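A.B. asks: I'd like to ask you about the structure that follows.
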């Protein structure tokens with residue numbers, strides 16, 4: 001199979017072709033020892049182990065609180081710093097660069113506030129995401145609005161605030177035309193294009209295919225000339241945006257998408273006769289290695305590949321916007337769930353936990369594309385030892401496919417133990433799927449040591465928990481409270497229980 005198992009059953013990528021397709025890394029992307037390296041890997045795993053133990057000791061995890069989401073604050077800060085450093089290393093001094101976090105990846109206000117503190121802005125794609133960014137204190141100048149279905153009200157709000165907007169299609173540009181004529185706005189405006197360079201291994205996340213719903217398809221008949229003419233006719237259009245995809249996209253394909261967009265910007269400016277397009281938004285989408293704790297590919301690797309393939313993008317003539325999401329948060333989140341029961345079916349052990357389709361929807365419905373590593377912890381939250389036993393790790397939902405992992409070799413899970421789904425900091429526990437009206441888990445950020453980061457562990461009204469764990473303290477802060485059954489009832493129309501029975505058809509008395 002080309003992969004080994006470590007003591008917790010984690011899959012360690014040995015470079016097998018199947019792993020490469022899953023994680024979006026192709027053989028042409030290797031660039032020396034940096035590829036697949038991560039000096040913080042050991043520290044990240046150690047912090048995670050200590051946090052799980054502390055969560056059990058302090059009661060964040062218990063029979064009455066059988067599932068939590070944990071966020072590694074140090075890891076998030078490190079990822080933000082690595083992103084900034086990677087592009088600083090290849091960009092001409094003084095070049096305006098905005099790294100805008102794709103809010104869809106982890107739509108949590110405290111996360112956005114933390115990233116803001118680390119110099120990261122926000123890319124939003126709905127009124128809700130914009131509201132989250134504003135609640136986190138993100139200024140309009142560091143916010144970008146992208147969406148294929150912006151309403152007139154959304155556009156008016158963005159233009160009134162001065163938020164950057166990328167028009168997705170000709171009809172939307174017509175709407176913006178009317179708004180620009182009727183009001184003054186400071187918003188940088190541009191057009192999103194689809195370079196149509198092809199798909200990666202996950203079709204649903206490949207946004208630069210021939211038939212993608214996003215942007216203006218550049219290779220369709222007449223489309224490229226329409227885009228150029230749009231800029232010629234609108235001196236206020238100053239940005240160009242493209243996004244090739246995310247998980248499953250090889251770096252070589254991402255680089256091709258950026259190169260095509262850069263070439264179009266050059267053509268527009270040449271036709272206009274001036275530097276009208278002054279900023280290129282290259283989107284995000286750096287894939288994540290779900291096979292081990294190693295970060296691969298890295299931001300530094302991607303930035304260097306871009307600088308070699310498209311050097312003009314970094315020479316100071318263009319401002320730069322990025323929109324990374326999953327790659328900033330995935331490695332720094334963990335879902336931990338209590339094993340409620342164990343059983344055997346068909347001769348294979350099954351651990352029934354409280355984490356399933358409601359927090360890991362993509363993994364449950366498409367396990368081939370979204371496999372998750374599972375780590376085993378004992379009832380005290382300590383890494384579980386013992387021989388590897390092939391077993392299933394199941395969730396609580398009422399359908400047979402609700403499995404976090406199937407046929408996975410792990411130390412045998414027993415009743416009262418904990419199963420942790422790793423690399424779940426993006427698109428997992430913050431994206432609740434209310435199957436069986438299962439409650440949303442509480443989410444807690446953590447740091448090791450005697451003190452938490454200023455403004456996070458003790459700020460914003462979050463509950464702070466100090467847990468003795470080994471030689472130091474683990475500090476937790478509430479990011480999102482666990483959902484109550486009363487809140488489930490309220491969200492399900494509890495205040496309108498008689499609404500339908502009160503309706504009467506004309507022939508009923």
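Values in this text are rule-based calculations from the coordinates and carry no lab data. Keep in mind it's a predicted model, so treat the numbers as computed, not measured. A quick note on method: Cβ atoms are made from the backbone with ideal geometry, for glycine too, and the neighbour counts reach across all protein chains shown.
A.B. asks: Using alpha carbon centroids, what distance separates the range 222-261 and the range 393-408, in Å?
C.D. replies: So the separation of the two Cα centres works out to 41 Å.
A.B. asks: If packing is taken as the mean number of other Cβ atoms within 10 Å per residue, what is the order of 63-69, 393-399, 492-498, 280-286, highest first?
C.D. replies: Details: 63-69: 18.3, 393-399: 19.9, 492-498: 10.0, 280-286: 25.6.
Packing proxy ranking, top to bottom: 280-286, 393-399, 63-69, 492-498.
A.B. asks: With 10 angstrom as the radius, rank 62, 252, 344 by how many other C-beta atoms surround their C-beta, starting from the fewest.
C.D. replies: 344, 62, 252
A.B. asks: In nm, what is the difference between 0.36 nm times the number of residues separating residue 502 and residue 157 and their Cα-Cα distance?
C.D. replies: Working: separation 345, 0.36 × 345 = 124.20 nm, distance 3.84 nm.
Full extension from residue 502 to residue 157 adds 120.4 nm.
A.B. asks: Given labels modelled 7 Å from the Cα in the Cβ direction, how far is it in nm from residue 117 to residue 89?
C.D. replies: Simple spin-label model gives 2.6 nm for this pair.
A.B. asks: Right, something else. Relative contact order for the range 254-370: what is it in percent, counting Cα pairs under 8 Å that are at least 6 residues apart?
C.D. replies: Details: 107 pairs, mean separation 25.8, N = 117.
So the answer I get is 22 percent.
A.B. asks: May I ask you to compute the full-extension gain from residue 184 to residue 263, defined as 0.36 nm times their residue separation minus their alpha-carbon distance, rounded to one decimal in nm?
C.D. replies: On the way: separation 79, 0.36 × 79 = 28.44 nm, distance 3.07 nm.
Extra length from residue 184 to residue 263 when fully extended: 25.4 nm.
A.B. asks: How would you rank 343, 150, 384, going from fewest to most other Cβ atoms within 10 Å of each one's own Cβ? Don't skip to the end; give the middle numbers.
C.D. replies: Numbers: 343 12, 150 24, 384 21.
Taking fewest neighbouring Cβ atoms as first place, the list is 343, 384, 150.
A.B. asks: Once you have a ≥ b ≥ c as the square roots of the Cα gyration tensor eigenvalues for the range 379-455, tell me rounded if a/c is under 1.5, and otherwise prolate or oblate according to whether a/b is larger than b/c.
C.D. replies: Numbers: a/c = 2.37, a/b = 1.21, b/c = 1.96.
Oblate is the answer for the range 379-455, as a/c is 1.5 or above yet b/c matches or exceeds a/b.
A.B. asks: Continuing with the same structure: Going by the alpha-carbon gyration tensor, a ≥ b ≥ c the square roots of its eigenvalues, is the range 34-138 rounded (a/c under 1.5) or, if a/c is not under 1.5, prolate (a/b greater than b/c) versus oblate?
C.D. replies: Numbers: a/c = 3.07, a/b = 1.36, b/c = 2.26.
Oblate, because a/c is 1.5 or more while a/b does not exceed b/c.
A.B. asks: How high is the FRET efficiency between residue 62 and residue 252 when r is their beta carbon distance and R₀ equals 51 Å, given to the nearest 0.05?
C.D. replies: Working: r = 48 Å, r/R0 = 0.94.
My answer for the efficiency is 0.60.
A.B. asks: For the range 268-404, evaluate the Debye formula with one uniform point scatterer on each Cα (no solvent term) and list log10 I(q)/I(0) at q = 0.15, 0.18 Å⁻¹, rounded to two decimals.
C.D. replies: Each listed q corresponds, in turn, to -0.86, -1.09.
A.B. asks: For the range 476-509 and the range 304-379, compute the distance between their C-alpha centroids and round to whole Å.
C.D. replies: Their Cα centres are 32 Å away from one another.
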